[in-house]
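> My structure is below; once you've seen it, I'll send some questions.
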Amino acid sequence: ECGGCRGNSRLGNDEMIEYLIWLHTALGAGNPRGAKALEAIGSAEKIYEMNDSGRRQSGLFTPKDLEMLRNTKLGEAKAIEKECRRHGITVLPYTDGKYPQKLKVIAAPPVLLYLKGKLPNVDETPTVCIVGPRESSDFGQKAAYSLGYRLASAGMTVVSGGARGCDFYAHSGALKANGKTVLIMGCGIEADYLRENAELRHAVAENGCLISEYPPFERASKFTFPVRNRLLSALSDAVIVVEAKARSGTLNTANHALNQGKEIFVIPGSPADENYAGSNALLRDGARPLLDISDILNEYLPRYPDKIDIEKAIKKRAKPVEERAAKPEKTEVHKKLSIETLSNEAKIVYNQLNKPIFYPDEINNTSLVPGDILSALTELEIEGLIRSLPGGRYELIKN
């Protein structure tokens, strides 16, 4: 693991970091010419010290790049470095040996990464990206949570974008499995973005890693997320599309994966369901259907024979998603039940199941929020106490 990527430690000396931040700030996130210039010229400091004529004669920069290099002051970079130090953010340069090789080989590798937490060694660890829409279906949320939990249990690192919906549940599943997860942000790590997921980001920083290509307080915009998406696929061996409409932003990540030569797995959906129009189009174009978690595990077991534990993925029971309400008191199960290891939330939900077939929104006589109920249903299904049916329904299985 990237042992130097936690707390206030920074890689390299402050001056080198400041020149790298200057170069990255001047050229902007997603610019392919920053890394090429570093390879050709040798250091960001040398690029800074070159005059405009020398930069132009190098043939490495566009006229717009040259203008930004002239107008960006080193003081801006020093201020950003100071903010990183204040907030415990590490700067990982392209030139550092710990910079992921998976990023170096893409068309536009970042000049640097801003990190908070501990970055797993993604070059030597099986890594999978789970993506889906923010406004995901109940099934999509459940699938993302279950995949995150089981893949992390098996030893895979789970990558996603930290948004609401499928991203939230994928990260939450990985965290509940005590596994590794990486959250790549489309804004600065300290930006005031999506406050409802602030607790999730804190948990990831403590147990995994937050990554951004943007300075600490840079705000999200409609332009930052498509630029970010290439990193989601680049850090991963494969991308799993949980669900996607015909014009879903999820497809942008899938397109990056395709261009980077990464495997794409897709959960198939009904042709009549608009939530799967984009997903099914990917399958038509050659993506692989994901029908069972073994489809993923068996694909990467030969490549990582000592890193993937299929037995843990199959046998380990999913725990409830991160609570957003106070935990209720310990609950006894009123029905006859042989399993004693259910979470308290799952017991509360199970006590409410008095119909053979039911919808999740019928479970309303509890102190649980919808996310708790969904994770409890996932747990009950994994234990074989209920089964999911078409149309978002569930069936109670008699013991």
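The values are calculated or read from the model by the stated rules, or taken from the named source; none is laboratory data. Being a predicted model, the structure only gives us computed values, none of them experimental. Positions of Cβ are generated from backbone atoms using ideal geometry, with glycine treated the same way; all protein chains shown enter the neighbour counts. Note: accessible area is taken over every heavy atom of the protein model, side chains too, but ligands, DNA and RNA are not part of it. Shrake-Rupley method; radii C 1.70, N 1.55, O 1.52, S 1.80 Å.
> Select from region 204-224 the residues that are surrounded by 18 or more Cβ atoms within 10 Å (Cβ to Cβ) and assigned to a helix (DSSP H, G or I) and list them in ascending order.
VAL204, ALA205, THR224
> Tell me, which residue of region 41-65 that is without any contact (Cβ under 8 Å) to a residue 12 or more places away in the chain and under 18 Å from TYR94 (Cα atoms) is least open to solvent (accessible area, probe 1.4 Å)?
Among those residues, the one meeting the criterion is GLY42.
> Right, something else. Would you check if LEU291 is modelled with pLDDT of 95 or more and not small (Gly, Ala, Ser)?
Numbers: modelled with pLDDT of 95 or more: no; not small (Gly, Ala, Ser): yes.
Here the answer is no, as LEU291 does not meet what is asked.
Condition check ((1) in contact with a strand residue (DSSP E or B) (Cβ under 8 Å, 6 or more places away or on another chain); (2) over 18 Å from ASN229 (Cα atoms)) across all residues:
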| position | (1), (2) |
| --- | --- |
| ALA79 | no, yes |
| ARG86 | no, yes |
| PRO109 | no, no |
| VAL122 | yes, no |
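> Quick one: LEU113 ticks every box in (1) farther than 21 Å from VAL204 by Cβ; (2) outside any loop (DSSP other than H, G, I, E, B) bar one, so which box is it?
All conditions are met except number (1).
Condition check ((1) closer than 24 Å to PRO216 by Cβ; (2) in contact with a helix residue (DSSP H, G or I) (Cβ under 8 Å, 6 or more places away or on another chain)) across all residues:
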| residue | (1), (2) |
| --- | --- |
| GLU45 | yes, yes |
| PRO63 | no, no |
| MET68 | yes, yes |
| GLU76 | yes, yes |
| GLU83 | yes, no |
| HIS87 | yes, no |
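> Might you check whether a residue that is of a type outside the set (A, V, I, L, M), in contact (Cβ under 8 Å) with a residue 24 or more places away in the chain and more than 18 Å from ILE47 (Cβ to Cβ) occurs anywhere in region 66-84?
yes
> If you don't mind, there's one more thing I want to ask. Going by the conditions given, is VAL159 surrounded by fewer than 24 Cβ atoms within 10 Å (Cβ to Cβ) and within 30 Å of TYR19 (Cβ to Cβ)? Even if it seems obvious, please write down each step before you answer.
Numbers: surrounded by fewer than 24 Cβ atoms within 10 Å (Cβ to Cβ): no; within 30 Å of TYR19 (Cβ to Cβ): yes.
Spelling it out, it is not the case that VAL159 is surrounded by fewer than 24 Cβ atoms within 10 Å (Cβ to Cβ) and within 30 Å of TYR19 (Cβ to Cβ).
> In region 244-280, what residues are at pLDDT below 95, closer than 23 Å to TYR145 by Cβ and charged (D, E, K, R)?
Across region 244-280, the qualifying residues are LYS245, ASP273, GLU274.
> Restricting attention to region 117-127, does a residue exist that is touching a helix residue (DSSP H, G or I) at 6+ places or on another chain (Cβ under 6 Å), surrounded by fewer than 24 Cβ atoms within 10 Å (Cβ to Cβ) and either among the small types (Gly, Ala, Ser) or more than 30 Å from ALA37 (Cβ to Cβ) (or both)?
Yes, some residue in region 117-127 is touching a helix residue (DSSP H, G or I) at 6+ places or on another chain (Cβ under 6 Å), surrounded by fewer than 24 Cβ atoms within 10 Å (Cβ to Cβ) and either among the small types (Gly, Ala, Ser) or more than 30 Å from ALA37 (Cβ to Cβ) (or both).
> Right, next: Kindly provide the set of residues from region 146-166 that are of a type in the set (A, V, I, L, M) and within 12 Å of the chain's Cα centre (by Cα), ordered by number.
Passing the criteria: VAL158, VAL159, ALA163.
For every residue, the table says whether it meets (1) assigned to a helix (DSSP H, G or I); (2) open to solvent by 30 Å² or more (accessible area, probe 1.4 Å); (3) more than 18 Å from PHE168 (Cα to Cα); (4) modelled with pLDDT of 75 or more.
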position	(1), (2), (3), (4)
GLU323	no, yes, no, no
TYR350	yes, no, yes, yes
LYS355	no, yes, yes, yes
THR366	no, yes, yes, yes
ASP372	yes, no, no, no
ARG387	no, yes, yes, yes
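> Would you check if TYR169 is open to solvent by 10 Å² or more (accessible area, probe 1.4 Å) and more than 15 Å from the chain's Cα centre (by Cα)?
no
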